[in-house]
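Step one of this worksheet: look at the structure below.
The values are calculated or read from the model by the stated rules, or taken from the named source; none is laboratory data. A quick note: this is a predicted structure, and the numbers were derived from the prediction, not measured. Every residue, glycine among them, receives a Cβ derived from its backbone with ideal geometry; neighbour counts consider all protein chains shown. Surface accessibility is based on the protein's heavy atoms, side chains included, excluding ligands, DNA and RNA. Shrake-Rupley method; radii C 1.70, N 1.55, O 1.52, S 1.80 Å.
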Amino acid sequence: MSIDYGNLCSVILKQCFGETVQLVGDCLFAANARTLSNIAKTTKLSRREVSTALGILIKYQLINFQANEVNAFVAEYTLKREEILYILRYSRYVHLIQTMYGSVGAAIAEELLYSGSQTASNTLLKCMANNEITEKAETIRDTFFQMIRDNYLIKLPMLVTSETGEPDAVPKLHIEDYDLFNPPDIDLPTLAKIHNGALPATQLKDTGVFWQLNFKRFHQDFRDSLMISAVERKLGASAGECFKFILKQMYERTDPWQRQYSNPFTVVEVKQQVEKNSSNLDLLRHLEKYVALIADDSLHFIRKIGEMGGGQYVVDMAPAFESLALACIENVITERFGSKASRIFRVVRMKKYIEQEELQKEAMIPAKEAKLLSYSLFQEQFLQIKTIRKAGGGGTGPAKAFYLFYLKHKQITKMLLDICFKALYNDITRSNYEKNEHKRLIEKSQKLDSIVATMKERGESEEYIAEILETLTPPEREILDKVKNRIKTLSKAELSLDDTIFLLQMYIYHSAPTYVVATNKKASSNQ
(Lines give C-alpha, C1' and ligand atoms only; values in the text may rest on other atoms or scores of the structure.)
Protein backbone atom coordinates (compact mmCIF):
# COMPACT_ATOMS: atom_id res chain seq x y z
CA MET A 1 0.00 0.00 0.00
CA SER A 2 1.20 3.50 -0.84
CA ILE A 3 1.91 6.42 1.50
CA ASP A 4 -1.00 8.35 -0.03
CA TYR A 5 -3.38 5.51 0.82
CA GLY A 6 -1.96 5.41 4.34
CA ASN A 7 -2.66 9.14 4.79
CA LEU A 8 -6.20 8.66 3.46
CA CYS A 9 -6.88 5.77 5.87
CA SER A 10 -5.49 7.85 8.74
CA VAL A 11 -7.78 10.83 8.09
CA ILE A 12 -10.83 8.53 7.67
CA LEU A 13 -10.14 6.80 11.00
CA LYS A 14 -9.66 10.14 12.76
CA GLN A 15 -12.86 11.57 11.27
CA CYS A 16 -14.95 8.55 12.29
CA PHE A 17 -13.39 7.25 15.52
CA GLY A 18 -11.08 9.92 16.96
CA GLU A 19 -7.36 10.40 17.46
CA THR A 20 -6.69 7.32 19.63
CA VAL A 21 -8.09 4.91 17.02
CA GLN A 22 -6.21 6.88 14.34
CA LEU A 23 -2.89 6.33 16.15
CA VAL A 24 -3.57 2.59 16.56
CA GLY A 25 -4.67 2.34 12.92
CA ASP A 26 -1.53 4.14 11.70
CA CYS A 27 0.61 1.80 13.78
CA LEU A 28 -1.07 -1.30 12.31
CA PHE A 29 -0.96 0.13 8.77
CA ALA A 30 2.85 0.39 9.00
CA ALA A 31 3.30 -3.34 9.79
CA ASN A 32 1.82 -6.69 8.79
CA ALA A 33 0.94 -7.69 12.36
CA ARG A 34 1.54 -6.30 15.84
CA THR A 35 0.81 -7.39 19.40
CA LEU A 36 -0.95 -5.21 21.96
CA SER A 37 2.33 -4.51 23.80
CA ASN A 38 4.05 -3.57 20.56
CA ILE A 39 1.23 -1.16 19.63
CA ALA A 40 1.28 0.44 23.09
CA LYS A 41 5.06 0.88 22.92
CA THR A 42 5.00 2.34 19.39
CA THR A 43 2.06 4.72 19.91
CA LYS A 44 3.02 5.62 23.54
CA LEU A 45 -0.61 5.01 24.57
CA SER A 46 -1.68 3.08 27.66
CA ARG A 47 -2.67 -0.58 27.26
CA ARG A 48 -6.22 0.36 28.23
CA GLU A 49 -6.47 2.98 25.47
CA VAL A 50 -5.03 0.55 22.91
CA SER A 51 -7.44 -2.19 24.03
CA THR A 52 -10.41 0.17 23.65
CA ALA A 53 -9.26 1.26 20.17
CA LEU A 54 -8.72 -2.37 19.10
CA GLY A 55 -12.20 -3.26 20.41
CA ILE A 56 -13.74 -0.52 18.25
CA LEU A 57 -11.85 -1.66 15.15
CA ILE A 58 -12.83 -5.30 15.77
CA LYS A 59 -16.50 -4.32 16.19
CA TYR A 60 -16.39 -2.58 12.80
CA GLN A 61 -14.55 -5.57 11.25
CA LEU A 62 -11.51 -3.46 10.35
CA ILE A 63 -8.88 -5.76 11.89
CA ASN A 64 -8.19 -9.49 12.16
CA PHE A 65 -6.54 -11.18 15.10
CA GLN A 66 -4.98 -14.58 15.69
CA ALA A 67 -2.62 -16.26 18.12
CA ASN A 68 1.10 -15.64 17.71
CA GLU A 69 2.95 -18.57 16.09
CA VAL A 70 5.64 -18.50 18.79
CA ASN A 71 3.47 -17.73 21.83
CA ALA A 72 -0.13 -19.02 21.59
CA PHE A 73 -1.16 -16.86 24.58
CA VAL A 74 -0.45 -13.60 22.74
CA ALA A 75 -2.72 -12.16 20.01
CA GLU A 76 -1.45 -10.50 16.85
CA TYR A 77 -3.58 -7.84 15.14
CA THR A 78 -3.69 -7.12 11.40
CA LEU A 79 -5.40 -4.11 9.80
CA LYS A 80 -7.81 -4.72 6.89
CA ARG A 81 -6.39 -1.84 4.85
CA GLU A 82 -8.74 -2.16 1.86
CA GLU A 83 -11.91 -2.08 3.97
CA ILE A 84 -11.21 1.28 5.61
CA LEU A 85 -12.16 2.92 2.32
CA TYR A 86 -15.62 1.29 2.57
CA ILE A 87 -16.51 3.80 5.32
CA LEU A 88 -16.75 6.53 2.67
CA ARG A 89 -19.33 4.42 0.79
CA TYR A 90 -21.78 4.06 3.70
CA SER A 91 -24.18 6.57 2.17
CA ARG A 92 -24.11 4.67 -1.16
CA TYR A 93 -24.87 1.38 0.60
CA VAL A 94 -27.86 2.91 2.41
CA HIS A 95 -29.13 4.56 -0.80
CA LEU A 96 -28.99 1.24 -2.68
CA ILE A 97 -30.89 -0.55 0.09
CA GLN A 98 -33.48 2.23 0.22
CA THR A 99 -34.19 1.91 -3.52
CA MET A 100 -34.73 -1.84 -3.10
CA TYR A 101 -36.39 -2.24 0.31
CA GLY A 102 -37.69 1.22 1.19
CA SER A 103 -37.31 3.11 4.47
CA VAL A 104 -37.37 -0.08 6.59
CA GLY A 105 -34.38 -1.56 4.71
CA ALA A 106 -32.54 1.76 4.94
CA ALA A 107 -33.12 1.87 8.72
CA ILE A 108 -31.74 -1.68 9.10
CA ALA A 109 -28.70 -0.84 6.95
CA GLU A 110 -28.00 2.38 8.87
CA GLU A 111 -28.21 0.60 12.22
CA LEU A 112 -25.79 -2.14 11.14
CA LEU A 113 -23.39 0.33 9.54
CA TYR A 114 -23.19 2.78 12.41
CA SER A 115 -23.03 0.11 15.11
CA GLY A 116 -20.44 -1.92 13.18
CA SER A 117 -22.14 -5.25 13.83
CA GLN A 118 -25.30 -6.13 15.72
CA THR A 119 -27.60 -9.06 16.56
CA ALA A 120 -30.79 -9.37 14.53
CA SER A 121 -33.05 -8.87 17.58
CA ASN A 122 -31.25 -5.72 18.72
CA THR A 123 -31.39 -4.33 15.17
CA LEU A 124 -35.14 -4.91 15.00
CA LEU A 125 -35.64 -3.35 18.45
CA LYS A 126 -33.75 -0.21 17.33
CA CYS A 127 -35.91 -0.01 14.19
CA MET A 128 -39.09 -0.48 16.24
CA ALA A 129 -37.99 2.37 18.53
CA ASN A 130 -37.37 4.64 15.52
CA ASN A 131 -40.20 7.17 15.34
CA GLU A 132 -39.79 7.50 11.55
CA ILE A 133 -40.62 3.80 11.02
CA THR A 134 -44.38 3.24 11.08
CA GLU A 135 -44.41 -0.35 9.79
CA LYS A 136 -45.27 -3.31 12.02
CA ALA A 137 -42.67 -5.59 13.59
CA GLU A 138 -43.59 -8.38 11.13
CA THR A 139 -42.75 -6.11 8.18
CA ILE A 140 -39.37 -5.17 9.70
CA ARG A 141 -38.56 -8.84 10.37
CA ASP A 142 -39.60 -9.90 6.84
CA THR A 143 -37.44 -7.14 5.33
CA PHE A 144 -34.48 -8.30 7.44
CA PHE A 145 -34.98 -11.90 6.24
CA GLN A 146 -35.32 -10.79 2.61
CA MET A 147 -32.03 -8.87 2.84
CA ILE A 148 -30.39 -12.06 4.13
CA ARG A 149 -31.89 -14.12 1.27
CA ASP A 150 -30.56 -11.57 -1.22
CA ASN A 151 -27.12 -11.79 0.47
CA TYR A 152 -27.02 -8.11 1.49
CA LEU A 153 -26.61 -9.18 5.13
CA ILE A 154 -24.07 -11.74 6.27
CA LYS A 155 -23.56 -13.56 9.56
CA LEU A 156 -20.23 -12.99 11.30
CA PRO A 157 -18.02 -15.86 12.56
CA MET A 158 -18.90 -17.08 16.05
CA LEU A 159 -16.72 -17.93 19.04
CA VAL A 160 -15.26 -21.43 18.92
CA THR A 161 -15.06 -23.24 22.28
CA SER A 162 -12.19 -25.61 22.95
CA GLU A 163 -12.64 -29.34 23.54
CA THR A 164 -12.20 -28.86 27.29
CA GLY A 165 -14.95 -26.23 27.32
CA GLU A 166 -12.58 -23.56 28.62
CA PRO A 167 -12.04 -20.38 26.57
CA ASP A 168 -8.76 -20.11 24.67
CA ALA A 169 -6.25 -17.43 25.61
CA VAL A 170 -6.77 -15.94 22.14
CA PRO A 171 -10.42 -16.38 21.02
CA LYS A 172 -11.01 -18.24 17.76
CA LEU A 173 -13.86 -17.34 15.44
CA HIS A 174 -15.28 -19.63 12.77
CA ILE A 175 -18.39 -20.11 10.65
CA GLU A 176 -19.26 -22.63 7.94
CA ASP A 177 -20.10 -21.36 4.45
CA TYR A 178 -23.61 -22.83 4.54
CA ASP A 179 -24.39 -20.86 7.72
CA LEU A 180 -23.40 -17.41 6.40
CA PHE A 181 -26.91 -16.62 5.15
CA ASN A 182 -28.93 -18.80 7.51
CA PRO A 183 -31.76 -16.61 8.93
CA PRO A 184 -31.86 -16.16 12.73
CA ASP A 185 -34.57 -17.33 15.11
CA ILE A 186 -36.59 -14.21 16.02
CA ASP A 187 -39.47 -14.40 18.48
CA LEU A 188 -41.75 -11.43 17.73
CA PRO A 189 -43.91 -11.70 20.91
CA THR A 190 -40.75 -11.61 23.05
CA LEU A 191 -39.45 -8.64 21.03
CA ALA A 192 -42.75 -6.79 21.56
CA LYS A 193 -42.56 -7.37 25.35
CA ILE A 194 -38.94 -6.16 25.46
CA HIS A 195 -39.90 -3.12 23.36
CA ASN A 196 -42.71 -2.28 25.80
CA GLY A 197 -40.44 -2.81 28.84
CA ALA A 198 -42.22 -5.92 30.10
CA LEU A 199 -39.14 -8.17 29.70
CA PRO A 200 -35.37 -7.55 29.98
CA ALA A 201 -33.19 -7.76 26.85
CA THR A 202 -31.44 -10.85 28.28
CA GLN A 203 -34.39 -12.98 27.12
CA LEU A 204 -33.35 -12.72 23.45
CA LYS A 205 -32.63 -16.03 21.70
CA ASP A 206 -29.95 -14.85 19.25
CA THR A 207 -27.50 -13.35 21.75
CA GLY A 208 -23.95 -13.70 20.40
CA VAL A 209 -24.99 -14.10 16.74
CA PHE A 210 -23.94 -10.90 14.98
CA TRP A 211 -24.74 -9.59 11.50
CA GLN A 212 -23.23 -6.95 9.25
CA LEU A 213 -23.66 -5.69 5.69
CA ASN A 214 -22.12 -7.93 3.04
CA PHE A 215 -19.92 -5.37 1.25
CA LYS A 216 -19.02 -7.79 -1.55
CA ARG A 217 -22.69 -8.01 -2.53
CA PHE A 218 -22.95 -4.21 -2.73
CA HIS A 219 -19.76 -3.98 -4.77
CA GLN A 220 -21.13 -6.62 -7.13
CA ASP A 221 -24.14 -4.35 -7.75
CA PHE A 222 -21.89 -1.30 -8.21
CA ARG A 223 -19.74 -3.23 -10.69
CA ASP A 224 -22.80 -4.46 -12.62
CA SER A 225 -24.24 -0.93 -12.71
CA LEU A 226 -20.93 0.36 -14.08
CA MET A 227 -20.94 -2.17 -16.93
CA ILE A 228 -24.65 -1.80 -17.73
CA SER A 229 -24.44 2.00 -17.85
CA ALA A 230 -21.42 1.74 -20.20
CA VAL A 231 -23.41 -0.49 -22.58
CA GLU A 232 -26.44 1.84 -22.35
CA ARG A 233 -24.40 4.93 -23.20
CA LYS A 234 -22.78 3.30 -26.21
CA LEU A 235 -25.45 0.94 -27.60
CA GLY A 236 -28.76 2.17 -26.19
CA ALA A 237 -31.22 1.34 -23.40
CA SER A 238 -32.38 -2.00 -24.87
CA ALA A 239 -28.77 -3.22 -25.18
CA GLY A 240 -28.17 -2.17 -21.56
CA GLU A 241 -31.24 -4.15 -20.43
CA CYS A 242 -30.06 -7.12 -22.49
CA PHE A 243 -26.68 -7.03 -20.75
CA LYS A 244 -28.43 -6.84 -17.35
CA PHE A 245 -30.16 -10.16 -18.11
CA ILE A 246 -26.87 -11.61 -19.38
CA LEU A 247 -25.29 -10.81 -15.98
CA LYS A 248 -28.29 -12.29 -14.18
CA GLN A 249 -27.92 -15.50 -16.18
CA MET A 250 -24.17 -15.50 -15.59
CA TYR A 251 -24.65 -15.53 -11.79
CA GLU A 252 -26.77 -18.69 -12.07
CA ARG A 253 -23.62 -20.80 -12.51
CA THR A 254 -20.63 -18.49 -11.97
CA ASP A 255 -18.98 -17.18 -8.82
CA PRO A 256 -19.66 -13.39 -8.88
CA TRP A 257 -16.01 -12.64 -8.15
CA GLN A 258 -14.45 -14.94 -10.75
CA ARG A 259 -11.63 -12.85 -12.14
CA GLN A 260 -11.02 -13.47 -15.84
CA TYR A 261 -14.24 -14.67 -17.49
CA SER A 262 -17.54 -16.35 -16.58
CA ASN A 263 -18.78 -19.88 -17.20
CA PRO A 264 -20.58 -20.24 -20.59
CA PHE A 265 -24.22 -19.27 -21.09
CA THR A 266 -26.47 -19.53 -24.17
CA VAL A 267 -28.79 -17.09 -25.92
CA VAL A 268 -31.73 -19.45 -25.26
CA GLU A 269 -31.12 -19.17 -21.49
CA VAL A 270 -30.97 -15.37 -21.70
CA LYS A 271 -34.16 -15.38 -23.77
CA GLN A 272 -35.98 -17.33 -21.07
CA GLN A 273 -34.90 -14.72 -18.50
CA VAL A 274 -36.09 -11.87 -20.74
CA GLU A 275 -39.47 -13.51 -21.42
CA LYS A 276 -40.09 -13.99 -17.69
CA ASN A 277 -38.95 -10.60 -16.40
CA SER A 278 -39.08 -7.99 -19.19
CA SER A 279 -41.87 -6.12 -20.97
CA ASN A 280 -39.50 -4.59 -23.56
CA LEU A 281 -40.98 -5.79 -26.89
CA ASP A 282 -38.03 -4.48 -28.91
CA LEU A 283 -35.65 -6.58 -26.80
CA LEU A 284 -37.87 -9.66 -27.05
CA ARG A 285 -37.99 -9.44 -30.89
CA HIS A 286 -34.32 -8.69 -31.51
CA LEU A 287 -32.55 -10.37 -28.57
CA GLU A 288 -30.10 -12.32 -30.75
CA LYS A 289 -29.10 -9.12 -32.57
CA TYR A 290 -28.51 -7.26 -29.31
CA VAL A 291 -26.37 -10.09 -27.94
CA ALA A 292 -24.35 -10.16 -31.18
CA LEU A 293 -24.03 -6.35 -31.08
CA ILE A 294 -22.60 -6.43 -27.55
CA ALA A 295 -20.22 -9.25 -28.53
CA ASP A 296 -18.94 -7.38 -31.62
CA ASP A 297 -18.51 -4.04 -29.79
CA SER A 298 -15.03 -2.75 -28.98
CA LEU A 299 -15.79 -2.83 -25.25
CA HIS A 300 -15.38 -6.65 -25.38
CA PHE A 301 -17.86 -7.27 -22.55
CA ILE A 302 -18.89 -10.70 -23.91
CA ARG A 303 -17.18 -13.19 -26.24
CA LYS A 304 -18.70 -15.92 -28.41
CA ILE A 305 -17.21 -19.40 -27.90
CA GLY A 306 -19.70 -21.72 -29.64
CA GLU A 307 -22.94 -22.18 -31.55
CA MET A 308 -24.87 -24.34 -29.07
CA GLY A 309 -28.26 -23.04 -27.83
CA GLY A 310 -28.48 -20.19 -30.33
CA GLY A 311 -24.92 -19.11 -29.54
CA GLN A 312 -22.69 -19.79 -26.54
CA TYR A 313 -20.98 -16.82 -24.84
CA VAL A 314 -18.88 -15.86 -21.81
CA VAL A 315 -18.69 -12.52 -19.99
CA ASP A 316 -15.08 -11.32 -20.37
CA MET A 317 -14.37 -9.38 -17.17
CA ALA A 318 -10.68 -8.70 -17.78
CA PRO A 319 -10.92 -6.99 -21.23
CA ALA A 320 -14.19 -5.30 -20.21
CA PHE A 321 -12.64 -3.48 -17.27
CA GLU A 322 -9.46 -2.84 -19.24
CA SER A 323 -11.57 -0.92 -21.78
CA LEU A 324 -13.37 1.04 -19.03
CA ALA A 325 -10.16 1.81 -17.15
CA LEU A 326 -8.35 3.00 -20.30
CA ALA A 327 -11.34 5.21 -21.18
CA CYS A 328 -11.05 6.71 -17.69
CA ILE A 329 -7.30 7.26 -18.19
CA GLU A 330 -8.00 8.96 -21.54
CA ASN A 331 -10.42 11.35 -19.83
CA VAL A 332 -7.74 12.23 -17.26
CA ILE A 333 -5.21 12.88 -20.02
CA THR A 334 -7.73 15.06 -21.89
CA GLU A 335 -8.34 17.15 -18.75
CA ARG A 336 -4.63 17.56 -17.99
CA PHE A 337 -2.99 17.78 -21.43
CA GLY A 338 -5.80 18.35 -23.96
CA SER A 339 -7.53 16.34 -26.65
CA LYS A 340 -4.42 16.00 -28.85
CA ALA A 341 -2.56 14.25 -26.00
CA SER A 342 -5.41 11.77 -25.57
CA ARG A 343 -5.28 11.16 -29.34
CA ILE A 344 -1.58 10.29 -29.01
CA PHE A 345 -2.42 7.96 -26.10
CA ARG A 346 -5.08 6.19 -28.20
CA VAL A 347 -2.67 5.74 -31.12
CA VAL A 348 -0.02 4.18 -28.87
CA ARG A 349 -2.70 1.95 -27.32
CA MET A 350 -3.86 0.82 -30.76
CA LYS A 351 -0.37 0.27 -32.24
CA LYS A 352 1.15 -1.14 -29.00
CA TYR A 353 4.68 -0.12 -30.11
CA ILE A 354 5.32 2.96 -32.26
CA GLU A 355 8.20 5.32 -33.14
CA GLN A 356 8.01 9.08 -32.72
CA GLU A 357 7.90 9.83 -36.48
CA GLU A 358 5.17 7.31 -37.13
CA LEU A 359 3.25 8.51 -34.05
CA GLN A 360 2.96 12.09 -35.28
CA LYS A 361 1.76 10.85 -38.68
CA GLU A 362 -0.86 8.49 -37.23
CA ALA A 363 -2.12 11.10 -34.75
CA MET A 364 -2.09 13.79 -37.52
CA ILE A 365 -0.41 16.35 -35.24
CA PRO A 366 2.48 18.67 -36.25
CA ALA A 367 5.90 17.20 -35.45
CA LYS A 368 6.93 19.78 -32.84
CA GLU A 369 3.62 19.60 -30.96
CA ALA A 370 3.49 15.80 -31.13
CA LYS A 371 7.01 15.54 -29.74
CA LEU A 372 6.21 17.97 -26.90
CA LEU A 373 2.99 16.15 -25.93
CA SER A 374 4.43 12.64 -26.20
CA TYR A 375 7.40 13.52 -24.00
CA SER A 376 5.09 15.26 -21.51
CA LEU A 377 3.08 12.04 -21.30
CA PHE A 378 6.32 10.09 -20.90
CA GLN A 379 7.48 12.42 -18.12
CA GLU A 380 4.17 11.91 -16.28
CA GLN A 381 4.51 8.11 -16.78
CA PHE A 382 1.46 7.73 -19.04
CA LEU A 383 3.81 6.46 -21.78
CA GLN A 384 6.91 4.27 -21.59
CA ILE A 385 9.89 4.06 -23.96
CA LYS A 386 11.48 0.80 -25.10
CA THR A 387 14.96 0.98 -26.64
CA ILE A 388 15.95 -1.49 -29.37
CA ARG A 389 19.59 -1.43 -30.45
CA LYS A 390 20.81 -2.72 -33.80
CA ALA A 391 24.50 -3.27 -34.52
CA GLY A 392 26.14 -1.27 -37.34
CA GLY A 393 27.28 -2.75 -40.69
CA GLY A 394 29.88 -5.51 -40.29
CA GLY A 395 29.75 -5.11 -36.53
CA THR A 396 32.29 -2.26 -36.63
CA GLY A 397 30.08 0.83 -36.81
CA PRO A 398 28.14 2.46 -33.99
CA ALA A 399 24.94 0.72 -32.84
CA LYS A 400 21.71 2.19 -34.16
CA ALA A 401 18.89 2.62 -31.64
CA PHE A 402 15.11 2.67 -32.11
CA TYR A 403 12.95 4.29 -29.45
CA LEU A 404 9.40 2.93 -29.29
CA PHE A 405 6.53 4.32 -27.22
CA TYR A 406 4.29 1.77 -25.48
CA LEU A 407 1.88 1.49 -22.52
CA LYS A 408 2.07 -0.29 -19.19
CA HIS A 409 -1.61 -0.47 -18.33
CA LYS A 410 -1.29 -1.64 -14.75
CA GLN A 411 1.48 0.80 -13.92
CA ILE A 412 -0.64 3.72 -15.21
CA THR A 413 -3.65 2.46 -13.25
CA LYS A 414 -1.71 2.17 -9.99
CA MET A 415 -0.19 5.62 -10.51
CA LEU A 416 -3.65 7.07 -11.14
CA LEU A 417 -4.98 5.29 -8.05
CA ASP A 418 -2.30 6.95 -5.93
CA ILE A 419 -3.26 10.34 -7.40
CA CYS A 420 -6.92 9.64 -6.53
CA PHE A 421 -5.99 8.65 -2.96
CA LYS A 422 -4.00 11.86 -2.56
CA ALA A 423 -6.82 13.96 -4.03
CA LEU A 424 -9.38 12.27 -1.77
CA TYR A 425 -7.17 12.90 1.26
CA ASN A 426 -6.87 16.59 0.30
CA ASP A 427 -10.62 16.77 -0.29
CA ILE A 428 -11.52 15.37 3.16
CA THR A 429 -8.85 17.48 4.88
CA ARG A 430 -10.11 20.67 3.22
CA SER A 431 -13.73 19.83 4.04
CA ASN A 432 -12.84 19.25 7.72
CA TYR A 433 -10.90 22.53 7.77
CA GLU A 434 -13.89 24.46 6.40
CA LYS A 435 -16.20 22.89 8.99
CA ASN A 436 -13.83 23.63 11.90
CA GLU A 437 -13.02 27.15 10.71
CA HIS A 438 -16.69 28.15 10.52
CA LYS A 439 -17.98 25.85 13.26
CA ARG A 440 -19.62 28.64 15.28
CA LEU A 441 -21.45 30.04 12.27
CA ILE A 442 -22.67 26.60 11.12
CA GLU A 443 -23.93 25.75 14.63
CA LYS A 444 -25.70 29.13 14.86
CA SER A 445 -27.41 28.51 11.51
CA GLN A 446 -28.50 24.99 12.53
CA LYS A 447 -29.87 26.30 15.83
CA LEU A 448 -31.84 29.01 14.00
CA ASP A 449 -33.25 26.45 11.55
CA SER A 450 -34.50 24.25 14.41
CA ILE A 451 -36.05 27.26 16.20
CA VAL A 452 -37.82 28.40 13.00
CA ALA A 453 -39.11 24.85 12.36
CA THR A 454 -40.53 24.72 15.90
CA MET A 455 -42.12 28.16 15.48
CA LYS A 456 -43.78 27.11 12.22
CA GLU A 457 -45.23 24.04 13.93
CA ARG A 458 -46.64 26.29 16.67
CA GLY A 459 -48.16 28.58 14.00
CA GLU A 460 -46.16 31.74 14.79
CA SER A 461 -46.58 34.76 12.51
CA GLU A 462 -44.28 35.31 9.51
CA GLU A 463 -43.17 38.72 10.90
CA TYR A 464 -41.95 37.14 14.17
CA ILE A 465 -40.15 34.37 12.26
CA ALA A 466 -38.49 37.01 10.03
CA GLU A 467 -37.26 38.84 13.15
CA ILE A 468 -35.67 35.66 14.46
CA LEU A 469 -33.99 35.01 11.10
CA GLU A 470 -32.52 38.51 11.13
CA THR A 471 -30.28 37.49 14.06
CA LEU A 472 -28.07 36.03 11.32
CA THR A 473 -26.57 39.18 9.78
CA PRO A 474 -26.18 39.60 5.97
CA PRO A 475 -22.35 39.28 6.10
CA GLU A 476 -22.68 36.10 8.18
CA ARG A 477 -25.29 34.73 5.77
CA GLU A 478 -23.00 35.48 2.81
CA ILE A 479 -20.07 33.69 4.45
CA LEU A 480 -22.33 30.75 5.38
CA ASP A 481 -23.59 30.41 1.80
CA LYS A 482 -20.02 30.34 0.49
CA VAL A 483 -18.98 27.73 3.05
CA LYS A 484 -22.01 25.53 2.28
CA ASN A 485 -21.34 25.73 -1.47
CA ARG A 486 -17.68 24.88 -0.92
CA ILE A 487 -18.50 21.88 1.28
CA LYS A 488 -21.13 20.72 -1.23
CA THR A 489 -18.59 20.93 -4.07
CA LEU A 490 -16.06 18.96 -2.00
CA SER A 491 -18.69 16.29 -1.25
CA LYS A 492 -19.45 15.90 -4.97
CA ALA A 493 -15.71 15.63 -5.69
CA GLU A 494 -15.43 12.94 -2.99
CA LEU A 495 -18.17 10.85 -4.64
CA SER A 496 -16.61 11.30 -8.09
CA LEU A 497 -13.16 10.29 -6.83
CA ASP A 498 -14.61 7.21 -5.11
CA ASP A 499 -16.28 6.17 -8.40
CA THR A 500 -12.93 6.45 -10.20
CA ILE A 501 -11.13 4.52 -7.44
CA PHE A 502 -13.73 1.75 -7.60
CA LEU A 503 -13.38 1.43 -11.39
CA LEU A 504 -9.57 1.28 -11.27
CA GLN A 505 -9.65 -1.24 -8.41
CA MET A 506 -12.03 -3.45 -10.40
CA TYR A 507 -9.62 -3.38 -13.35
CA ILE A 508 -6.66 -4.40 -11.14
CA TYR A 509 -8.74 -7.18 -9.54
CA HIS A 510 -10.04 -8.69 -12.79
CA SER A 511 -6.73 -8.38 -14.65
CA ALA A 512 -4.87 -10.37 -11.96
CA PRO A 513 -3.58 -13.81 -13.06
CA THR A 514 -5.77 -16.79 -12.17
CA TYR A 515 -3.08 -18.38 -9.98
CA VAL A 516 -3.53 -15.44 -7.56
CA VAL A 517 -7.14 -16.56 -7.08
CA ALA A 518 -6.01 -20.03 -6.03
CA THR A 519 -3.49 -18.52 -3.60
CA ASN A 520 -6.13 -16.22 -2.10
CA LYS A 521 -8.64 -19.06 -1.73
CA LYS A 522 -6.04 -21.16 0.05
CA ALA A 523 -5.23 -18.25 2.38
CA SER A 524 -8.90 -17.59 3.13
CA SER A 525 -9.52 -21.28 3.89
CA ASN A 526 -6.60 -21.26 6.33
CA GLN A 527 -8.09 -18.27 8.10
Subject >> Sequence-distant residues sharing a close amide H with I354 (under 5 Å, placed H) >> reply: F405
Original post:
If ligands, DNA and RNA are left out, what is the accessible area of M100 with a 1.4 Å probe, given in Å² to the nearest 10?
Top reply: 90 Å²
Original post:
Which angle from 0 to 90°, rounded to the nearest 10, does the C-alpha axis of helix 3-17 make with the longest principal axis of the chain?
Top reply: 20 degrees
**OP:** Would you compute the Debye intensity of the chain from its alpha-carbon atoms alone, equal scatterers and no solvent, and pass along log10 I(q)/I(0) at q = 0.11 Å⁻¹ to two decimals?
**Re:** -1.27
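I need to check one value: relative contact order of the chain, counting alpha carbon pairs closer than 8 Å and at least 6 residues apart, in percent. Please list the in-between numbers first.
On the way: 586 pairs, mean separation 55.8, N = 527.
Averaging sequence separation for qualifying contacts and normalising by length gives 11 percent for the chain.
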**OP:** Excluding residues fewer than 8 places away in the same chain, name every one of the lysines whose C-alpha is closer than 16 Å to that of K351.
**Re:** K361, K386, K408
Subject >> Two-site label geometry, R458 and T134: point separation in nm, points 7 Å out along Cα→Cβ >> reply: 2.6 nm
Subject >> Where labels lie 7 Å past Cα in the beta-carbon direction, separation of L199 and Y406 in nm >> reply: 7.0 nm
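Eight or more residues apart or on different chains, and alpha-carbon atoms under 18 Å: count the Lys pairs in segment 1-112 matching that. Kindly include the intermediate steps, with their values, before the conclusion.
Details: K14/K44; K14/K59; K14/K80; K59/K80.
Number of lysine pairs found: 4.
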Original post:
What whole-number value in cubic angstrom gives the convex hull volume per residue for the C-alpha atoms of segment 334-389?
Top reply: 78 Å³
**OP:** Can you tell me how much longer the chain between I468 and Q98 gets when fully stretched, taken as 0.36 nm per residue apart minus their C-alpha distance, in nm with one decimal?
**Re:** 129.6 nm
Subject >> CD proxy at 222 nm, helix term only [per DSSP H run n ≥ 4: -39500 (n - 2.57); per residue of the chain; nearest 500] >> reply: -20500 deg cm²/dmol
Original post:
Which lysines, on any chain, are close to K456 with Cα under 19 Å apart, when same-chain ones fewer than 8 places away are left out?
Top reply: K444, K447
Subject >> Amide H within-cut-off set for Q118, under 5 Å, with H built and near neighbours excluded >> reply: W211
Subject >> P(r) weight above 23 Å for segment 374-473, C-alpha pairs, percent >> reply: 65 percent
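With the full set of protein chains in place, find how many percent of the accessible area of segment 85-170 is carbon and sulfur; take the probe as 1.4 Å. Show your work: numbers first, answer last.
On the way: 1960 of 4130 Å².
It is 47 percent, rounded to a whole number.
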Subject >> Rounded to whole Hz, the Karplus (6.51, -1.76, 1.60) HN-Hα couplings of segment 234-240, x for glycine and proline >> reply: 8, 10, x, 5, 5, 5, x
Subject >> segment 170-246 - convex hull of alpha carbons, volume per residue in Å³ >> reply: 183 Å³
Subject >> Span per principal axis, largest first, for the Cα atoms of segment 199-298 (Å) >> reply: 62, 30, 25
**OP:** Quick one: angle between helix 90-115 and the longest Cα principal axis of the chain, in degrees between 0 and 90, rounded to 10, please.
**Re:** 70 degrees
Original post:
Residue by residue, what Karplus-based ³J(HN,Hα) values in Hz, rounded to whole numbers, does segment 246-257 have, using 6.51, -1.76 and 1.60 with θ = phi - 60° and x for Gly and Pro?
Top reply: 4, 5, 4, 5, 4, 6, 5, 9, 10, 4, x, 10
**OP:** Excluding residues fewer than 8 places away in the same chain, name every one of the aspartates and glutamates whose C-alpha is closer than 17 Å to that of K368.
**Re:** E355, E357, E358
